[in-house]
Each structure stands twice: as structure tokens, then as C-alpha cells.
1. Taking helices (runs of 4 or more DSSP H) that fall entirely within segment 617-736, which contain at least 3 residues that are not hydrophobic (A, V, I, L, M, F, W, C)?
2. Just for helices (runs of 4 or more DSSP H) wholly inside segment 218-273: which have at least 1 residues that are touching an Asp or Glu at 6+ places or on another chain (Cβ under 7 Å) and among the hydroxyl-bearing types (Ser, Thr, Tyr)?
3. Would you tally the residues in segment 51-104 being closer than 21 Å to residue 128 by Cβ, touching a residue at least 40 places away in the same chain (Cβ under 8 Å) and aromatic (Phe, Trp, Tyr)?
4. Can you confirm whether residue 69 is hydroxyl-bearing (Ser, Thr, Tyr) and assigned to a loop (DSSP other than H, G, I, E, B)?
5. Going residue by residue through segment 674-685, is there one that turns out to be within 20 Å of the chain's Cα centre (by Cα) and surrounded by fewer than 18 Cβ atoms within 10 Å (Cβ to Cβ)?
6. Kindly indicate whether any position in segment 356-369 is on the phi < 0 side of the Ramachandran plot, at pLDDT below 95 and in a strand (DSSP E or B).
7. Would you be able to tell me the number of residues in segment 231-266 that are touching a residue at least 60 places away in the same chain (Cβ under 8 Å) and either of a type outside the set (Asp, Glu) or in the same structural domain as residue 536 (by TED's automatic domain parsing) (or both)?
8. Which one of these is crowded, with 17+ Cβ neighbours inside 10 Å and not in a loop (DSSP other than H, G, I, E, B): 125, 183?
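The values are calculated or read from the model by the stated rules, or taken from the named source; none is laboratory data. Keep in mind the model is a prediction, meaning the values are calculated, not measured. Heads up, the Cβs are rebuilt from the backbone with ideal geometry, glycines too, and the neighbour counts pull from every protein chain shown.
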Amino acid sequence: MANIDSVLAKKEGETLLSHTENALKVYRDIREIYSDAQNIIRDNQFFEKLFISIFMHDIGKISKGFQESMNLGKKWGYRHEILSASLCGLINKEDEYIFDVVMAIITHHKDCYELRKKYNTKDEVAEQIFEEQINIFLQDESKIIEFLNNVEELSEKYLGYRLNILNKKLNRDSLIDGYKKCVHKYLKLKDSFDEIDKIKYTFLKGFVTAADHLASANIYNITKINADIEKVLGFKTFRSTQEACKKIKGDIFLIAPTGSGKTEASLLWSFNQGRSNKRLYYVLPYTASINAMYKRFANYFGEDNVGVLHNKASYFLNKYLSEKNEDMSYKEIKSIQDLSKKIYRPIKVLTPHQIIKNFFAIKGFEQRISEMQGGLFILDEIHSYDARLTALLLCTCKFLKKIGASFFIMSATLPKFIMDMFKEELEIKNIITMPKEELKEFTRNRVVIKEGCVYKYIDEIVEKVLSGKKVLVILNTVSEAQNVYKLLAERLKDTSINYILLHSRFILRDREEKEKDIDNYDLLIATQVVEVSLDIDYDTLYTQPAPCDALIQRFGRVNRKRKKGICDVNIFTVGGEKDKFVYRNQDYVFKTLECLRGVDILEEDIVQNIVNEVYQNGYSAEDRELFNKVKNGFEYIVSNLTPMIEDEMLEEEFDKMFDSFQAVPFKFKMNYLKAIDDGEYFEAMGYCVPITSGQFFRFKKENKIEYDTKYHMYFVNCEYNSELGLLDDEKEDNFI
């Protein structure tokens with residue numbers, strides 16, 4: 001006797017019917033949150049197609065082979081989704097409708113190229129295997145019919161009306177070969193698809209896999225936030241910029257000083273867009289600032305509502321939860337992080353790379369792009385990005401705009417030429433700036449030009465620290481920072497002064513420890529890792545020369561709360577030998593020094609004028625060429641991105657663009673290996689240090705690096721200590 005309740009979908013014992021209904025619960029939230037999707041693709045049957053795709057996506061698991069793999073552990077060797085797709089022949093609808101549903105079902109695990117490689121029924125052997133599997137499948141005809149009989153009840157419950165379209169008689173003649181009828185045709189037609197076609201198939205596959213993945217993770221809803229944002233922020237009054245942002249619907253530029261509440265303004269904007277259920281993406285350039293913003297948002301909205309995405313996010317979450325006495329296993333942390341990668345959390349704090357990489361056809365890109373439909377994107381400090389990343393981000397935003405995304409772009413120092421590019425490409429009409437009288441409240445620094453290099457002023461820095469001032473020294477390269485630190489440490493070693501060095505060439509555990517109390521030192525020597533979003537407040541600054549936007553970010557780490565009167569920011573006129581590898585266009589540096597020479601008290605209302613004067617000609621010829629090359633190349637990639645088809649070569653191209661490597665200093669090799677062997681993966685990650693591609697290839701040439709094929713990790717034979725970090729004799733590429 002047929003009994004659909006005995007058919008399993010998961011090894012954990014979940015039945016097919018239970019899993020299907022759980023996936024449809026997720027579908028219900030998708031339909032509510034992404035209600036504009038069908039308008040974007042101009043298909044008023046889209047959500048019906050999505051419903052039937054999710055309803056039928058796993059029905060092939062009824063097959064004896066799959067059930068034996070669940071109950072007896074036998075290897076099956078076939079794909080349930082191919083059998084599921086075959087039943088689309090029962091759908092009493094037009095061919096295009098059936099085609100769309102078949103493609104959504106048959107590709108929800110494997111892409112078209114994988115199906116062509118292994119299950120191409122144009123091949124006689126593959127066709128014979130398909131027919132054999134279909135015949136076995138039909139032996140459970142009564143179970144198939146019993147399952148399909150649920151469609152009317154479930155459609156009324158989740159779709160809102162009874163769907164009666166599976167009314168053809170079930171037999172071999174009514175089933176279809178999904179590969180021959182649809183996948184083969186899709187591959188032939190893909191080059192002729194227009195943009196709307198591609199978005200439609202992105203949404204179909206993306207939302208089917210989203211529902212399947214969440215239901216498989218025992219998550220049956222997508223979290224939403226309907227908070228009273230003004231109450232969450234707890235402000236009694238708002239600044240003029242915040243009030244303005246709160247009232248505007250649509251895209252915005254906000255130019256306002258550091259510490260003026262730009263983050264709060266962006267949140268007021270996002271919660272007043274009339275789309276409280278939409279997803280919010282807060283994009284920042286550096287992992288340290290992302291981690292800090294995650295903690296802030298988790299405090300505002302709750303940890304379950306906020307995800308963090310960058311290449312060390314799992315390590316950060318483990319430390320963050322440990323500090324809250326919430327010890328979790330690697331598996332539990334991974335589950336939390338996996339949810340952040342899925343459609344589940346309404347707020348994500350992330351690097352631009354986490355968004356851009358999806359347009360390089362990596363596995364699962366359809367789900368992540370679908371999630372961004374109608375998304376609210378807050379882009380913070382976009383002046384920090386180089387020409388390559390700016391081009392990639394601009395092209396990405398241009399596509400996202402087509403699927404209903406809105407943008408809030410904010411900065412304390414945004415060059416006009418960059419604003420103009422985003423304004424034109426994204427058609428942004430609203431520009432919010434702070435009134436001149438209000439800007440005066442943010443005047444906090446005196447500019448002091450110091451002729452010569454940092455080494456000429458070591459005595460002055462020591463005297464300043466010993467006088468009781470909290471001093472910040474910022475250098476442009478790691479090697480320079482290490483050298484200056486050694487000189488200052490030697491002078492201060494027998495005093496009670498607390499001093500510390502911070503840059504990017506520390507192993508993860510050391511850097512995390514240093515950043516924990518970074519504001520509690522008398523003297524901080526650092527590279528530009530401290531420029532963005534680290535909440536530190538020093539009394540005075542000594543810095544090597546840099547472009548004006550970078551310098552103004554550095555100034556923002558001094559007298560941040562504006563409670564110390566006017567504080568000096570000292571700029572050396574001479575930088576380091578290798579600064580050209582950090583700031584390739586040294587003209588920006590020279591122009592910045594020229595503009596600042598005549599400045600005493602740095603009034604906030606002249607800051608943007610200085611930025612525009614320095615960048616009046618836009619990118620240098622070299623950077624303009626790079627920008628155009630990347631923009632044209634990426635526009636081609638985006639226009640040719642085809643859903644249901646992954647591309648490993650494109651993924652490799654993306655990796656090459658941002659090719660830093662993780663390595664472990666030799667002194668920690670045994671610690672790392674033991675941690676991996678013991679299953680202490682976060683402990684192991686703590687021994688990793690990033691190195692640039694330039695360093696990597698030089699280390700290879702000098703036989704200073706080796707790769708362990710068993711542990712898939714590089715080990716670098718350079719001196720390391722927790723005070724100075726990784727010590728590299730050759731200085732080139734050794735920056736930030």
C-alpha cells in the first residue's frame with residue numbers, strides 16, 4: 001500500500017512531504033519580501049512557477065534508489081532532480097511555463113555544464129540509464145500520485161489559490177526527458193537570452209535553492225526587521241543631515257565629517273524607504289571596521305538579524321561569542337556563518353568583494369544575487385578603493401540598480417570626480433551636505449607641516465608622549481612602521497608609557513588581541529589600517545604624507561569626540577622610499593602638501609574644497625587606463641553572466657585580482673598542524689598572516705615558502721614576533 005509518509009528526504013529522518021512543506025514556508029516569505037521580482041522580469045506567473053518548482057523539486061527522491069541510500073546507506077549514483085524534472089510533463093500549461101519549471105528543478109544542485117558532462121541523454125548510454133531510472137521510479141507510481149495530490153491544498157495555503165495544473169495521467173508517455181527537452185535547448189539558446197531572461201532564470205534558481213537550503217538547515221522563515229529605528233538609536237534630536245536623510249526616498253550621497261553620525265543617518269534612510277522587509281547591506285573596506293560595525297548592529301538589532309561577511313568572519317564570530325561566554329563548536333559557528341551567506345539574515349555587514357565575486361559565476365551566485373533584489377546598499381568610505389575596485393563596484397551597483405536596489409553612498413572625503421561617476425551611472429539626484437554653520441562644530445585640528453621625514457622628529461614624539469599626550473604615529477608601509485616602532489620603543493622602554501604597533505602583517509590572534517584595547521595606549525604606531533571606522537581618539541598625530549582623503553581619515557582619529565579643543569596633526573613632508581607602491585600617483589601627495597601648507601586651523605567647510613582641488617583632474621593617466629580596462633572587462637563579464645552555469649575560470653580571474661595569500665610563519669608550524677589535527681580550526685586560523693602576491697612570489701624565488709599538500713597551507717620562513725609582526729628583509733610590496 002502506498003504511503004508517502006514513509007518516503008524520506010533527509011538522512012536525519014525528515015520525510016519528503018515535511019521537507020517540501022518546510023521549503024514552501026520559506027517560499028511564503030520570499031514571495032512577501034521579493035514581491036517586486038515578477039515586475040522586474042515582467043512575468044505575472046513567476047511566483048506560481050516558483051511555487052510549483054519548490055513543490056516538485058525533490059519528488060524524485062521517491063525513487064527506490066534514493067530511498068535505499070537513505071535507509072540502507074547504499075550508493076545510488078543518479079540524480080533525484082532529473083527524475084523530479086521528468087514529472088513536469090504532467091503540467092497542463094504552455095511550453096514556456098514548463099521549460100522554466102524544469103530548469104529551476106533540474107539545476108537546483110548541478111549546473112547545466114555538469115549535467116551535460118554526466119547526464120547528457122543525447123548520448124545513448126546516458127539515455128539508456130535515464131530510461132532505466134524512469135522505469136524504476138514509476139514502480140512507485142502510487143506514492144508519486146499521493147504526493148502530487150497535495151498540490152491543491154498546499155497551493156491554497158502558500159500561493160493563495162488552488163492550483164490544478166498537474167492533471168495529466170501519470171505514465172511513461174507523460175514524463176519528459178528534462179535534459180533533452182530543456183537543458184540542451186537552454187545551452188543552445190543562452191547566447192540569445194536578453195537581460196530580462198537572465199534575471200528571470202537567476203531568480204528562479206536562486207529562490208528555489210534558497211528555500212531548499214534553509215529548509216534543509218531546519219530554518220523555515222526568513223527573518224525580517226520592523227523596528228522603530230528612532231527608538232533603536234535612542235537619540236533625542238537629530239542633526240540636519242540625519243533629518244534630511246530620514247525624509248528622502250531613493251538614492252543619496254551624504255558628505256559629512258567624521259563623527260557626525262553618518263551611520264545613523266544611513267539607518268534612518270534605510271528604515272524609511274517603505275521597504276522594512278528588504279535586505280540591508282552595509283559595505284565597508286576593512287575587516288576591522290566590519291567587525292566593529294557588526295558588534296554595533298548586533299547590539300541595535302540582535303545577533304540573529306545581522307550577518308558578517310569577510311574572509312575571516314568565522315574566526316571573528318568565534319572570538320566574539322567566546323567573549324560573551326557563548327562557547328560553540330566549529331560546526332556550530334560554521335552553521336551560524338553559513339546562514340549569513342544565505343538569504344536568512346536581513347542585515348549584512350561585508351566587504352565589496354563579497355558582493356562583486358557573485359558576478360564571476362561562482363557556485364551559488366544565483367541565490368546571492370536574487371537576495372539582493374530590492375536591497376538597500378550603504379556604501380561607506382568609497383574613496384578608500386583603488387581604480388580597479390572602484391570600477392568593479394560601480395559596474396556591480398549599475399546591475400543591482402536594474403533589480404531594484406537603492407544606494408546610500410557616504411564619505412567624509414569623496415572626490416568630486418568619483419561622485420560624478422556614481423551619480424551619472426546610478427542616476428543619483430539627492431546630495432546631502434552639512435550646513436556651513438553646523439560644520440564649524442566639527443573643527444578640531446590644527447595642521448602643522450613638518451619639513452623632513454619622521455626620523456628627524458623622533459625626539460619630539462618622545463617628548464610629546466612623556467608630557468602626557470596620547471600620540472598616534474601613522475606610517476605608509478609596514479617596514480617603516482616597524483623601524484619607527486623600534487626606535488621609539490628603545491627610547492621609552494624604561495618608562496611607564498604603554499606603546500603598541502599595529503599593521504596587517506600580524507598573525508590573526510595577535511592582531512585581534514592588539515585591536516581589542518587599541519584606544520588605551522599612550523602611543524600607537526600604525527599603518528593606514530587605523531584610517532577607517534576604528535573608534536580611537538588620540539590627542540595628536542604624526543603622519544607621513546599621503547593623499548588628502550587618506551590624511552583626513554587619519555585626522556579623524558585625533559580629537560574624534562571634539563572635547564579637547566584644537567589638536568595638532570603633524571604631517572612630514574618626506575615619506576618613505578617605498579611609498580610609491582602604496583600611493584602610485586605621487587602627484588596627489590605633492591598637491592595635498594601644497595594645499596595644506598597655507599592651512600592653520602582646519603575648518604571642516606574647506607575640507608571638501610581641498611579634496612576637489614587635489615583630485616581636480618581625476619585619475620592619473622595610468623589609473624584611468626586601469627579603471628577603463630577593468631570597467632569594460634567587467635561589464636562584458638556581467639552582460640555574459642548566465643544563470644544555471646558556473647565558471648571556474650572566471651572564479652580564478654576574480655581570485656587573481658585580489659591575490660593576497662594566507663601563510664603561517666615557520667615558528668608556528670607545529671602549533672598550526674596540531675590544532676588542525678585536534679579539530680581546533682579557529683585556533684589554527686589564529687596562526688595565519690596575510691602576504692601580498694609580490695611577497696609570495698619573491699618568497700618562492702628565495703625558497704622561503706613551502707606548501708603542505710596535506711594541510712593545504714603555506715608556511716613562510718621569515719622571522720616573526722608578536723611585538724613587531726612578520727619581518728621581511730625586502731621592503732617592496734610590504735605595506736599596510
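1. Numbers: elements: 621-640, 648-657, 669-677, 681-685, 693-701.
Passing ranges, in order: 621-640, 648-657, 669-677, 693-701.
2. Values: elements: 229-233, 240-247, 262-270.
Filter on segment 218-273 gives 240-247.
3. Qualifying residue count for the region: 1.
4. no
5. Keep residues of segment 674-685 that are within 20 Å of the chain's Cα centre (by Cα), which gives 685.
Of the ones still in play, those that are also surrounded by fewer than 18 Cβ atoms within 10 Å (Cβ to Cβ) are none.
The answer is no; no qualifying residue exists.
6. No; the residues of segment 356-369 include none that is on the phi < 0 side of the Ramachandran plot, at pLDDT below 95 and in a strand (DSSP E or B).
7. At the first step, the residues of segment 231-266 found to be touching a residue at least 60 places away in the same chain (Cβ under 8 Å) are 232-233, 239-241, 244-245, 248, 250-260, 262-263, 265-266.
From what is left, the residues that are either of a type outside the set (Asp, Glu) or in the same structural domain as residue 536 (by TED's automatic domain parsing) (or both) are 232-233, 239-241, 244-245, 248, 250, 252-260, 262-263, 265-266.
Residues meeting the conditions: 22.
8. Working: 125 fails: crowded, with 17+ Cβ neighbours inside 10 Å.
Just one listed residue meets the conditions, 183.
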